Amino acid sequence: MRYFKLAIIVLMLIMISCSKPSKTKVAIMTKLDSASIVGSSEVNASRIFLEDNPKSRIDISSFDDKWLPDETIKQYENLKQQGIDIIITSHVSTCIVAIKDRINTDQVFAMVSGATTNELSKKNDMIIRNVLDVEKEQIRIAEFMNESLSKAENKFDKLLIIRDLENEAYTKPALEVFLSHYQPKDYQLIDIKMSEINIRDLQDKLKAMTYNSLYLLIGGYKTNCGSIAQLVASFKPGLPIMYTPWMKSPTLLETAGKTIEHSIIPSHYPAKGQNQTVDQYVEHYKSKFNTTPTFISLNVYSALEIINQAIDNGSTKPQQIKDYILKTKTFKTRFGDIVFDEFGDVDMPLYFIYDIKEEFLR
């Protein structure tokens with residue numbers, strides 16, 4: 001009788017164990033070095049997500065690819081060895097390009113929250129993206145500059161474009177799309193590499209060129225480009241300056257100086273005071289982590305929401321998650337609706353922030 005009761009207890013424990021839904025492993029791949037506000041923002045976003053969704057069946061692991069293509073390949077192999085086949089990436093375009101073929105060959109599911117390269121666009125593959133691709137992004141920026149021509153201030157004509165070549169998977173197609181839609185067609189181009197800028201050479205080029213506005217075609221949160229803005233402004237005080245959305249970080253204030261007062265930055269989310277949900281998230285983040293998040297972390301949060309919904313509806317494998325997203329199409333996330341097309345690409349507004357200092361001093 002004693003053995004029978006023991007057997008019943010063991011059987012009940014097994015049944016309880018089996019009744020608990022298993023966790024689904026999800027990797028977040030980003031830059032995680034201690035000096036990077038980018039990686040910490042995204043990891044912290046995942047922590048907030050799990051706090052907001054205590055019943056979530058997602059088990060999150062973070063992988064540091066340093067936003068370097070070679071390291072991205074290593075970390076991809078690392079997460080594969082750990083049996084993870086669902087990824088959220090927030091690295092630069094050159095990094096996703098380095099592993100996109102492996103992702104599709106291995107039938108891993110990837111939700112891309114940062115890379116805009118057109119090498120991912122309009123592809124029926126295992127990569128889905130919850131951020132505008134480079135074509136839509138640059139068309140909106142060009143249209144904004146075209147509309148500025150009818151205004152008294154911030155006219156973007158006789159444009160100087162300074163392009164960073166270290167993230168060519170982004171900046172090369174970005175320039176092509178931008179120039180095909182920029183109506184004045186009056187521009188000068190300087191190509192640089194942000195990690196090895198020759199200031200004297202850049203000064204000589206600036207002196208020899210005619211321009212009255214500036215577009216810093218630089219991505220990857222290389223906010224030290226604010227020093228370039230100051231250099232250009234030393235020759236043309238007060239000229240309007242346009243950044244890419246990938247400079248929207250509080251560290252830009254540290255390098256751009258007073259040029260921030262005549263600068264504009266595109267944003268995937270409305271400016272401070274225009275969206276209560278976004279403002280509440282930022283304030284909660286600041287109170288919890290004592291710093292302002294980068295806004296790509298909101299993309300990571302919404303990516304987790306979308307994957308979590310798929311898992312809750314029984315889609316736990318890579319192909320199942322992809323199929324669920326493409327079938328459902330529209331997802332209501334904390335920060336607004338996201339609508340995917342048949343290729344897993346999205347279309348959404350791009351906002352333009354004038355008061356950048358106020359934006360980062362939320």
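The values are calculated or read from the model by the stated rules, or taken from the named source; none is laboratory data. On a predicted model such as this, the values are computed, not experimentally measured, just so you know. Positions of Cβ are generated from backbone atoms using ideal geometry, with glycine treated the same way; all protein chains shown enter the neighbour counts.
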Only residues that are under 29 Å from His91 (Cα atoms) and without any contact (Cβ under 8 Å) to a residue 60 or more places away in the chain: list them for region 216-242, please.
-> Leu216, Leu217, Ile218, Lys222, Thr223, Asn224, Gly226, Ser227, Ala229, Gln230, Leu231, Ile241
Would you pick out the residues in region 72-84 that are under 24 Å from Lys123 (Cβ atoms) and without any contact (Cβ under 8 Å) to a residue 40 or more places away in the chain?
-> Ile73, Glu77, Lys80
Residues of region 201-231 classified as closer than 28 Å to Trp67 by Cα, of a type outside the set (D, E, K, R) and buried (at least 20 other Cβ atoms within 10 Å of the Cβ), total = 13
Picking from Ala110, Ala169, Ala115, Ala174, the residue that is assigned by TED's automatic domain parsing to the domain that holds Trp246, of a type in the set (A, V, I, L, M) and farther than 25 Å from Leu206 by Cβ would be Ala169
With respect to Lys155, is the statement that it is surrounded by fewer than 19 Cβ atoms within 10 Å (Cβ to Cβ), closer than 25 Å to Arg140 by Cα, touching a residue at least 60 places away in the same chain (Cβ under 8 Å) and over 24 Å from the mean Cα position of the chain (by Cα) true?
-> yes
Could you tell me which numbered condition Phe289 fails, if it satisfies all but one of (1) touching a helix residue (DSSP H, G or I) at 6+ places or on another chain (Cβ under 7 Å); (2) of a type outside the set (D, E, K, R); (3) on the phi > 0 side of the Ramachandran plot?
-> (3)
Just one of Ile87, Ile96 is surrounded by 18 or more Cβ atoms within 10 Å (Cβ to Cβ), in contact (Cβ under 8 Å) with a residue 24 or more places away in the chain and touching a Phe, Trp or Tyr at 6+ places or on another chain (Cβ under 8 Å); which is it?
-> Ile87
Residue in region 134-161 that is modelled with the highest pLDDT, counting only those that are in a loop (DSSP other than H, G, I, E, B) and in contact with a helix residue (DSSP H, G or I) (Cβ under 6 Å, 6 or more places away or on another chain) | Phe156
Looking at region 240-323, what helices (runs of 4 or more DSSP H) fall wholly within it and have at least 3 residues that are within 14 Å of the chain's Cα centre (by Cα) and closer than 23 Å to Met29 by Cβ?
-> 296-312
State all residues of region 324-342 that are more than 19 Å from the chain's Cα centre (by Cα) and surrounded by 16 or more Cβ atoms within 10 Å (Cβ to Cβ); if no residue qualifies, say none.
-> Tyr324, Ile325
Among (1) of a type outside the set (Gly, Ala, Ser); (2) buried (at least 17 other Cβ atoms within 10 Å of the Cβ); (3) out of contact with any strand residue (DSSP E or B) (no Cβ under 6 Å at 6 or more places or on another chain) - the single one Ile306 does not satisfy = (3)
